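Enquirer: Below you will find the structure I want to go over with you.
Every number in this text was worked out from the coordinates using simple rules, so none of it is lab data. Because the structure is a prediction, the values reported are computed rather than measured. So basically every Cβ, Gly included, is an ideal-geometry build from the backbone, and we count neighbours across all protein chains shown.
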Amino acid sequence: MAGDTIDRLVDSLTRGEKLALVRGAADPTGTATGYVPGVERLGIPPLRLVDGPLGVRIPGRPATAFPAPIAVASTFDPATAYRKGAAMAREAAVRNQDILLAPGLNLIRVPHCGRNFEYYAEDPILTGSFAASAVEGIQSEGILATPKHFVANNQETNRVTVSAAVSQRTLRERYLPGFHDAVDAGAGAIMTAYNRVNGTHMSEHRELVTDVLKEEWGFDGVVISDWYGTESTVAAANAGLDLEMPGVEPDEQIGGAAEEEAAEQPTAFEAFADGMPDPANFGLFGEPLSAAIDSGAVPESRLDEMVRRVLGAMDRLGRLDGDRPAGELDTPEHRALAEELAARGTVVLENDGVLPLAPETDIAVIGPNVHEATLGGGGSSETTPCVTTTTAAGLRDRAEGAVTVCRGHAEIEDISFFDVLAGKSTGRTDGEETETDFDSAADAAARAEVAIVVVRDRATEAKDRESLALPGEQDGLVEAVAAANDRTVVVIQSSGPVETPWRDSVAAVVEAWYPGQADGAALAAVLYGDIDASGRLPVTFAPATEYPASDPGQYPGVDGRATYSEGVFVGYHHFDASGTDPTYPFGHGCSYAAFAYRDLTVTGDAIVELTVENTSDRDGCEVVQAYVCPPGSDIERPERELGGFAAVDVAAGTSERLRIDLDDRAFSYYDDGWVLESGEYTIEVGQSARDCPHALSLTR
Ligand code: BGC
């Protein structure tokens, strides 16, 4: 439909109809997370918005539970985000939804942020590549993507009130690029963050929402508030917010929860008090917006623009012409994809040779939650799977030797505001069950040839993890198992980095993140070497005190301000600058194959080429990383920036020629505009931020 037809449609709408298009309402089908009623007399259909980044979340209606985005990013292959996005979109279509509230792409600044699993990486170029691919994948199937949460929603503690005190340079070089890439990929919607940036709530941030996002980047989609994240009428409307969500009070908008549960909702708002929005924030774009237009505080033309953007979103999807994709749900392809991505995203952090396992090995499978699949963290990304393979079942199915299963520790229970809402949990974790049975675990380990101990963290939206230590007595469980069997493999299922105090006493350490419904099947594929171990870390692992955001002023903030005083030195940039050795560096992961890099070249326009030779007798997948090291500079710059990367399959004994285009932003800094300094750069090529044996020189 042409723009002038949308204009005509806008002209035909009454004020009341326009207002109804920019404020969410209750979905009569009870399926959508957010709902915009249509205007029947003009043939404008309703619009349904649904969570989220791990799968389609409609309570009580199953969908494929994919691995968490941090696991997908660990593939270092953005095509995986495209395929997952397309599959989620097909499933959303089956459920009659129009807009997916995904991808989540906040940069991982604080290692214990409760939502790190929903995000991609600590590096902006890696984040942006995955975000752009996810957007393209989702939108390839007739569903719009909603990159979120714009911007600087980097912690859950006080997420609704905290102000990120962050410089323009840091925003531009770290927190904005992923969103810019998602917009360049054609994102049809974007969700504002709850937090404030330099004192102003993101839903009211004219400079970032209108000046940067809409005008500078040319974003022509809909700017949607986070749920109950609209804080005002006039300021939000004038700042550029287009659609208030959910627009209705909690007991009308309950994401499909049963009505009797809705009555309990206030307790969830209390239990997660430092991370929940004010449930009274609704209706600000209803009558109050009309009054603001009448008083002249908001120009009428602004309401028209909001409506034009909402109708434009419908039009992009063909919905104004009655188009609606059929989609598909829980197909064999989606199940296989969920398993493939979980396996490829699994990172072998260390391996003394115990892995891959021979099929006939006698194993003990130990851990508090091995009887279930680890789907994800708590909150709006919770997905109800159609089918699961538990950790124990997946290993048992694959093993040809004896398998003993022993939990050895009380279950680590998930924490979720939906459980609080449904009266199933108090939302508290203090005084939790930490009952252990280390003796049985050690016995099982001693009797097996290899002991596999699976440990996990617990994370949720609206709360940060209390520390990077494993909850309960799981460190003790690992120590007890390792003391009984010197061929112990530790598998971590976590939302982000965890501390690994026992790593020197075990034979292998594997990070499987939140693998989703295919948990045990994917883990077996990696542990038995059915595929290469090709995952690499998108975040640095280190003790909590060594991250930049470890001072209270930086995180969680003092007097409502989290000061980003580390500037651009986030993640590996900080560890490079401070000279501290991380436990496991950014980009690290151990393949089962071995690779040599030959004939490296770099052209004047920053294209690296090299030959990757698989020198082993196993087929493998190598992740080549190219880092840009700036020349001496007038300003303080990081020692190296990831400029480009590629994951490549290389069959045993063969070679592949590879091309990596380096991103200009890795050469540049921001000072009222991007500045690409001229001089002699070093391009480091290697296998992690701390293992780059090849250096090329490039003059720009
Ligand atoms: C989250 C969003 C989510 C929305 C709707 C909020 O609590 O921050 O990511 O899309 O709820 O469920």
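Enquirer: If the reach is capped at under 23 angstrom between alpha carbons, list the lysines near LYS84, excluding any in the same chain fewer than eight residues apart.
Expert: Those lysines meeting the cut-off are LYS148.
Enquirer: Per 10 Å bin from zero, what fraction in whole % of the C-alpha pairs of the range 564-631 is there, up to the bin with the longest pair?
Expert: Binned Cα distances yield the sequence 15, 34, 34, 15, 2.
Enquirer: In whole angstrom, and with the biggest value first, how far do the Cα coordinates of the range 650-700 range along each principal axis?
Expert: For the range 650-700, the Cα spread along each principal axis is 49, 20, 17 Å.
Enquirer: Which lysines have a Cα less than 21 Å from the Cα of LYS424, not counting those fewer than 8 places away in the same chain?
Expert: LYS424 reaches LYS463.
Enquirer: To continue, here is another question. How far is helix 332-344 tilted, in degrees, relative to the longest principal axis of the Cα atoms in the chain, given as a value from 0 to 90 rounded to the nearest 10?
Expert: Approximately 60 degrees, to the nearest 10.
Enquirer: By counting other Cβ atoms within 10 Å of each Cβ, how are SER381, SER678, SER505 ranked from fewest to most?
Expert: With the sparsest Cβ surroundings first, the list reads SER678, SER505, SER381.
Enquirer: Determine, for ASP551, ASP323, the number of other Cβ atoms within 10 Å of each Cβ, and report the residues in order from fewest to most.
Expert: Ordered by Cβ neighbours within 10 Å, fewest first: ASP323, ASP551.
Enquirer: Beyond 49 Å, what share of the Cα-Cα pairs of the chain is found? Please give it as a whole percent.
Expert: So the portion of pairs separated by more than 49 Å is 12 percent.
Enquirer: Over the alpha carbons of the range 481-547, what is the largest minus smallest coordinate on each principal axis, giving the biggest first in Å?
Expert: Rounded to whole Å, the extents work out to 36, 31, 20 Å.
Enquirer: Work out the charge dipole of the range 458-562 with +1 on the Cβ of Lys and Arg and -1 on the Cβ of Asp and Glu about the Cα centre, then indicate which of VAL526, ILE492, ALA508 is farthest towards its positive end.
Expert: After comparing all options, I get VAL526.
Enquirer: Can you compute log10 of I(q)/I(0) for the range 512-586 with the Debye formula, treating each Cα as one identical point scatterer, at q = 0.14, 0.17, 0.20, 0.23 Å⁻¹?
Expert: For the range 512-586 at q = 0.14, 0.17, 0.20, 0.23 Å⁻¹, log10 I(q)/I(0) is -0.63, -0.76, -0.87, -0.98.
Enquirer: If you look at just the Cα atoms of the range 468-626, how large are its Rg and its Dmax in Å?
Expert: Final numbers for Rg and Dmax: 19.0, 59 Å.
Enquirer: Please compute the contact order of the chain in relative form: average sequence separation of alpha-carbon pairs under 8 Å and at least six residues apart, divided by the residue count, as a percent.
Expert: For the chain, the relative contact order is 15 percent.
Enquirer: So what does the Cα-only Debye profile of the range 16-135 read at q = 0.09, 0.15, 0.21 Å⁻¹, as log10 I(q)/I(0), no solvent term?
Expert: -0.30, -0.72, -1.07
Enquirer: For the Cα atoms of the chain, what angle does the longest principal axis make with the long axis of helix 438-447, in degrees from 0 to 90, nearest 10?
Expert: With both axes taken from Cα atoms, the answer is about 50 degrees.
Enquirer: Further question on the same structure: From the convex hull of the Cα coordinates of the range 392-484, what is the mean projected area in square nanometres?
Expert: 7.2
Enquirer: Quick one: angle between helix 474-484 and the longest Cα principal axis of the chain, in degrees between 0 and 90, rounded to 10, please.
Expert: Around 20 degrees separate the two axes.
Enquirer: Let me ask you something else. Treating the range 405-553 as a set of equal point scatterers at the Cα positions, no solvent, please give the Debye-formula log₁₀ I(q)/I(0) at q = 0.10, 0.18 Å⁻¹.
Expert: -0.39, -1.22
Enquirer: Take the eigenvalues of the Cα gyration tensor for the range 1-85, scale each by 5, and report the square roots as semi-axes in whole Å, largest first.
Expert: Those come to 35, 18, 9 Å.
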